[in-house]
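The values are calculated or read from the model by the stated rules, or taken from the named source; none is laboratory data. These numbers come from a predicted model, not from an experiment. Cβ placement follows ideal geometry from the backbone for every residue including glycine, while neighbour counts extend to all protein chains displayed.
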Amino acid sequence: MRRLLILMAVVGFGLSVPGSADEKAAAKKGKREFKATCVVSGKDAVRNQSAEYKGKKVFFCCGNCKAAYTKDAAKFATKANHQLFQTKQFVQVKCPLSGGDLDKSKTVEIGGVKVAFCCGNCQGKASKATGDDQVALAFADAAFKKGFEARKPNPNRQKKAE
């Protein structure tokens with residue numbers, strides 16, 4: 001009986017490693033795991049539900065959220081900006097609060113992504129904010145315009161596709 005329990009535990013443990021074989025296969029093929037948060041619902045977004053935003057794509061969890069976004073995109077701008085950075089379609093180039101040069105040692109995790117700031121004062125301000133206020137501090141349109149820019153296309157990637 002004891003051997004059976006040990007065997008079940010070992011097999012159960014092996015099965016509990018989520019998608020490890022799939023993740024390794026995807027890594028070998030050069031595919032990155034897609035991770036985005038729906039700007040309307042906050043759930044995990046999917047690739048096949050998207051809309052154009054700032055020359056890139058913003059992703060949703062379902063068609064209903066896409067329709068809600070399309071009806072009033074301005075309402076979701078802060079979260080859409082956050083998602084553009086989350087999906088690496090935009091990169092950070094300056095401090096979103098001051099527009100100053102970045103100090104890579106002054107970071108705060110905001111909505112699951114690390115945002116860098118120019119100094120301890122800006123970092124402190126971001127650290128003190130919470131929830132949606134913290135996201136708005138770094139990703140509202142004015143802050144986003146100061147600190148982020150669209151990722152430039154990789155010419156090597158285009159050559160491979162041709």
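Numbers below:
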item: Residues located in the range 89-105, provided they are hydrophobic (A, V, I, L, M, F, W, C) and more than 12 Å from Cys122 (Cα to Cα); result: Phe90, Val91, Val93
item: Residue that is more than 18 Å from Phe148 (Cβ to Cβ), in contact with an Asp or Glu (Cβ under 7 Å, 6 or more places away or on another chain), surrounded by 15 or more Cβ atoms within 10 Å (Cβ to Cβ) and at pLDDT 95 or above, where the choices are Cys118, Cys61; result: Cys61
item: Among the candidates Gln123, Gln83, residue that is part of a helix (DSSP H, G or I), among the polar types (S, T, N, Q) and under 19 Å from the mean Cα position of the chain (by Cα); result: Gln83
item: Identity of the residue in the range 127-149, outside any strand (DSSP E or B) and of a type in the set (Phe, Trp, Tyr), that ends up surrounded by the fewest Cβ atoms within 10 Å (Cβ to Cβ); result: Phe144
item: In the range 43-58, residue surrounded by the most Cβ atoms within 10 Å (Cβ to Cβ) [restricted to those that are within 20 Å of Pro153 (Cβ to Cβ) and either under 13 Å from the mean Cα position of the chain (by Cα) or charged (D, E, K, R) (or both)]; result: Val58
